[in-house]
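This report concerns only the one structure given below.
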Amino acid sequence: SMDIAEVVKTNFPQLASSTSLIEEIGKIGVLNDYDKNTIVLKENAYIKAIPLLITGLIKIYKEEENGNEVLLYYIKPGETCIVSVMAGEKNKKAKVKGVVEEDCSVILIPKSKLFNLRKNFPNWNLYIYEQFNDKFDEVIDMVKVLTFSKKEKRLEDYLIKKSALNKSKTVNKSHQEIANELGSSREVISRLLKKLEKEGKIELSLRKIQIL
């Protein structure tokens, strides 16, 4: 429809750089709205359509056995869900969950049309590649955050254990020594120690850490 073609032109510049692709999406796309908290991607379910997000925000995450959520990435306006694209193309079940974080509008592309898009529209492929690239970067950032917070926890545990072993509130170690023992770098340990000091958990002096 004319509607969808206009929406593509306004919100998806990469797709809009090909007139024939705009026309194709106009023919096969379906406009849809989802309210906040709607589950749009179920774990272990097959994909029926993939979303091109016009407005709003969708959160893609994995649920661990213990019920913890691990955030993978957000789908923002102008983006699509690469997990859905891959699962749809291969007719496999999704291994992650997707929930609407902010009310959203989407263009839905039926799964059955993905192969044709990939086969006949180079701009579609370029768009998908860029999406992979962006999301990969986002996932890497998440991994960094996770390992950083794990390190902070490990450092705290280490200091508590050391002080218990020495029956003293003072740990006489250099940042480098702690880094070596925790398999980390001095820079990371120094940064984490400063953070703990700011939080009022420890006091730092030369080669000495006072646990408060």
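For the residues GLU138, GLU181, GLU152, GLU101, the requirement of being under 23 Å from VAL30 (Cα atoms) and touching a residue at least 12 places away in the same chain (Cβ under 8 Å) singles out GLU101. Starting from residues that are touching a residue at least 40 places away in the same chain (Cβ under 8 Å) and over 19 Å from LEU53 (Cβ atoms), keep the ones in the stretch 15-33 and report whichever is nearest to the chain's Cα centre (by Cα). Among those that are touching a residue at least 40 places away in the same chain (Cβ under 8 Å) and over 19 Å from LEU53 (Cβ atoms), it is SER18. Quickly run through the stretch 19-58 and pick out the residues that are part of a strand (DSSP E or B) and hydroxyl-bearing (Ser, Thr, Tyr). Matches in the stretch 19-58: TYR34, TYR46, THR55. Among the conditions (1) in contact (Cβ under 8 Å) with a residue 60 or more places away in the chain; (2) aliphatic (A, V, I, L, M); (3) loosely packed, with under 14 Cβ neighbours inside 10 Å, the only one that ILE160 does not satisfy is (1).
For every residue, the table says whether it meets (1) within 17 Å of VAL106 (Cβ to Cβ); (2) of a type outside the set (Val, Ile, Thr).
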{"site": "ILE25", "(1), (2)": "yes, no"}
{"site": "LEU31", "(1), (2)": "yes, yes"}
{"site": "LEU41", "(1), (2)": "yes, yes"}
{"site": "ILE50", "(1), (2)": "yes, no"}
{"site": "THR55", "(1), (2)": "yes, no"}
{"site": "LYS59", "(1), (2)": "yes, yes"}
{"site": "LEU71", "(1), (2)": "no, yes"}
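Quick check, is LYS59 surrounded by 13 or more Cβ atoms within 10 Å (Cβ to Cβ), touching a residue at least 12 places away in the same chain (Cβ under 8 Å), more than 19 Å from ILE128 (Cα to Cα) and of a type in the set (D, E, K, R)? Against the criterion (surrounded by 13 or more Cβ atoms within 10 Å (Cβ to Cβ), touching a residue at least 12 places away in the same chain (Cβ under 8 Å), more than 19 Å from ILE128 (Cα to Cα) and of a type in the set (D, E, K, R)), LYS59 does not qualify.
Read-outs: derived from the displayed coordinates by stated rules, not from any lab. Predicted model, so just to flag it, every value in this text is computed and none were measured. Quick reminder, even Gly has a Cβ in these numbers, built from the backbone with ideal geometry, and neighbours come from all protein chains shown.
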